[in-house]
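Engineer: My questions all concern the structure below.
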Amino acid sequence: MTRPDGLPGQIPHFIGGKQVPSISGATFDNLDPLTNQAYCTVAAGEAADVSAAVAAARSAFADGPWAGLLPRARARILHAIADAIESRDEHIAQLEAWDTGLPITQARGQARRAAENFRFFADLVVGLHEDAFRVGDSQLNYVVRQPKGVAGLITPWNTPFMLETWKLAPSLASGCTVVLKPAEWTPLSASLLPEIMAEAGVPDGVFNIVQGIGEDAGAALVAHPDVPLISFTGETTTGRIIMRSAADHLKSLSMELGGKSPCVVFADADLERALDGAVFGVFSLNGERCTAGSRILVERSIYDEFVARLAERAQRVTVGPPSDPATQIGALVHREHYERVLAYVAIGQAEGARLVAGGRRPQHLTEGNFLGATVFADVEPEMRIFQEEIFGPVVCVTPFTDEAEAVALANDTKYGLAAYVWTGDLKRGHRVARAIQSGMAWLNSHNVRDLRTPFGGIKASGLGHEGGHHSIDFYTDQRVIHVAVGDPGTPRFGVSTAS
Ligand code: NAD
């Protein structure tokens with residue numbers, strides 16, 4: 001893959017409107033997933049850098065205009081951010097594909113969605129109303145929303161730019177100031193945000209980035225007493241650590257965690273469309289997708305045919321360099337992650353699942369973190385590959401006999417993020433979608449997002465929802481003011497003379 005133009009040699013922090021190195025001078029290497037060679041160094045943030053960023057954000061919150069701007073004024077700036085993203089979307093996509101290994105066509109989609117995140121929340125805050133309640137003629141009670149303060153945003157390496165903006169847009173729209181801690185494996189696209197924010201007119205200190213390792217920079221952000229809320233997307237195990245640390249300060253938390261989502265295919269489904277949805281649902285974004293339909297449950301009467309067609313489609317999924325527009329699966333993000341995914345392929349084979357496609361590096365790709373689209377059939381619910389999130393282009397297929405068994409299998413996991421149901425019987429579709437324990441379900445559809453809806457998981461997949469006004473609810477405090485407009489009838493204690 002040719003190096004994209006404009007690759008930085010070093011990626012600094014961005015604090016109080018300035019690009020700065022770590023106070024200690026520490027850095028770490030950033031690797032590209034095609035050669036696993038270091039191509040730049042990144043400032044390795046520690047507690048002192050986090051403190052500097054939080055201080056800048058706190059002073060911008062307390063002293064600057066941002067928190068008090070009318071929604072329209074903030075919305076104008078958010079639209080300007082979206083304009084600035086759109087004006088360089090090809091560059092963002094190139095850098096994203098280079099840093100993450102995502103196919104360029106899909107990285108372009110992510111850049112467009114990043115701009116849409118800002119437009120959506122800009123429009124939302126302008127139209128937002130606050131509640132008011134009348135109690136007869138005596139009282140009027142009204143709600144005021146206020147931004148909570150400095151928001152700590154911690155994001156993962158899959159679709160990094162899109163997920164960073166998914167948190168930045170609502171937090172900034174709400175009037176918070178922010179400190180963003182991007183994932184250490186994918187710091188590159190976030191390094192474009194300072195110039196984007198400056199071009200859009202975001203005041204210094206409102207937006208800050210501390211790059212660094214999760215256990216250092218991320219943990220320091222979670223532990224900082226002046227950060228009252230943390231929005232985190234990442235692994236369930238990391239989420240647990242964050243919740244423990246945040247408990248000391250009773251922080252507001254939004255936790256978007258892992259998944260092992262079922263894709264249930266009934267015999268009466270439009271099988272061609274179900275196949276399209278199933279293949280795209282697990283192999284797009286390199287399978288590094290929290291909502292991937294990574295367990296396909298298929299009604300027994302069509303099981304053999306479906307497995308054969310799925311295997312055939314998987315074998316034809318094009319694996320190649322991220323920069324090639326024909327590529328459908330690129331390179332996995334990091335050698336460590338690649339080895340973890342390969343270990344799961346070995347585990348699946350050792351557990352006795354039937355490998356019907358992929359499972360190894362395609363022959364034409366001699367180096368880099370490449371894996372062919374991998375399908376395991378006859379996967380039993382006790383197997384680790386059925387239960388654990390693999391987060392790569394690997395799917396399990398399991399047969400079921402009836403609706404009750406389909407639901408039981410779908411729910412036989414600690415996770416509860418997404419679910420996909422394919423059937424020609426809409427009544428059954430609704431019934432099954434409700435019975436599966438997941439934060440989100442799609443019926444006869446792949447994962448098409450509607451930004452107004454609550455996004456998030458249940459069970460081990462998350463806590464709290466963002467999306468639409470749910471995001472604004474998270475980034476603001478809602479306080480109520482009760483006003484006597486008549487006589488609310490106060491009991492007169494201490495007035496009557498006691499005998
Ligand atoms: P991760 O938990 O390893 O890291 C996520 C972020 O947390 C990174 O920025 C990391 O540096 C930071 N971090 C790590 N340890 C920390 C600590 N002790 N304190 C504070 N911060 C810390 O996750 P990942 O491997 O980057 O991402 C993949 C995971 O994210 C998968 O499980 C995937 O399902 C999940 N994910 C969930 C959603 C969702 O919306 N539910 C979306 C995307 C990804």
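Engineer: What number of residues within region 223-239 are charged (D, E, K, R) and within 12 Å of the ligand (Cβ to nearest atom)?
Structural biologist: 1
Engineer: Assess whether V394 counts as being at pLDDT 95 or above and either open to solvent by 60 Å² or more (accessible area, probe 1.4 Å) or within 16 Å of the ligand (Cβ to nearest atom) (or both).
Structural biologist: Here the answer is yes, as V394 does meet what is asked.
Engineer: Among residues belonging to region 234-261 that are in a helix (DSSP H, G or I) and in contact with an Asp or Glu (Cβ under 9 Å, 6 or more places away or on another chain), point out the one that is farthest from V222 (Cα to Cα).
Structural biologist: T236
Engineer: Can you pull out every residue in region 240-262 that is open to solvent by 10 Å² or more (accessible area, probe 1.4 Å) and more than 6 Å from the ligand (Cβ to nearest atom)?
Structural biologist: Selection gives R240, M243, R244, S245, A247, D248, H249, L250, K251, S252, L253.
Engineer: For region 404-411, indicate whether the set of residues that are open to solvent by 10 Å² or more (accessible area, probe 1.4 Å), at positive phi and touching a helix residue (DSSP H, G or I) at 6+ places or on another chain (Cβ under 9 Å) is non-empty.
Structural biologist: No, region 404-411 has no match at all.
Engineer: Give region 181-222 a look and list any residue that's within 9 Å of the ligand (Cβ to nearest atom), of a type outside the set (G, A, S) and open to solvent by less than 10 Å² (accessible area, probe 1.4 Å), or say none.
Structural biologist: Listed by number, the residues that qualify are K181, P182, T186, L221, V222.
Quick grid of which residues meet (1) hydroxyl-bearing (S, T, Y); (2) without any contact (Cβ under 8 Å) to a residue 12 or more places away in the chain; (3) surrounded by fewer than 22 Cβ atoms within 10 Å (Cβ to Cβ); (4) away from the ligand (no atom under 16 Å from the Cβ):
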| site | (1), (2), (3), (4) |
| --- | --- |
| T291 | yes, no, no, no |
| V298 | no, no, no, yes |
| V307 | no, no, yes, yes |
| P325 | no, no, yes, yes |
| A343 | no, yes, yes, no |
| V375 | no, no, no, yes |
| I390 | no, no, no, no |
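Engineer: So, Q349, is that one in contact with a strand residue (DSSP E or B) (Cβ under 7 Å, 6 or more places away or on another chain), farther than 20 Å from V298 by Cβ, assigned by TED's automatic domain parsing to the domain that holds D268 and of a type in the set (S, T, N, Q) or not?
Structural biologist: yes
Engineer: Select from region 345-370 the residues that are over 22 Å from T35 (Cβ atoms), in contact with a Phe, Trp or Tyr (Cβ under 7 Å, 6 or more places away or on another chain) and open to solvent by less than 50 Å² (accessible area, probe 1.4 Å) and list them in ascending order.
Structural biologist: Of everything in region 345-370, those that are over 22 Å from T35 (Cβ atoms), in contact with a Phe, Trp or Tyr (Cβ under 7 Å, 6 or more places away or on another chain) and open to solvent by less than 50 Å² (accessible area, probe 1.4 Å) turn out to be G348, A353.
The values are calculated or read from the model by the stated rules, or taken from the named source; none is laboratory data. Since the structure is predicted, the reported quantities are computational estimates derived from the model, not experimental observations. All Cβ positions, glycine included, derive from the backbone under ideal geometry; neighbour counts span all protein chains shown. Areas reflect the complete protein model, heavy atoms only, side chains present, ligands, DNA and RNA absent. Shrake-Rupley method; radii C 1.70, N 1.55, O 1.52, S 1.80 Å.
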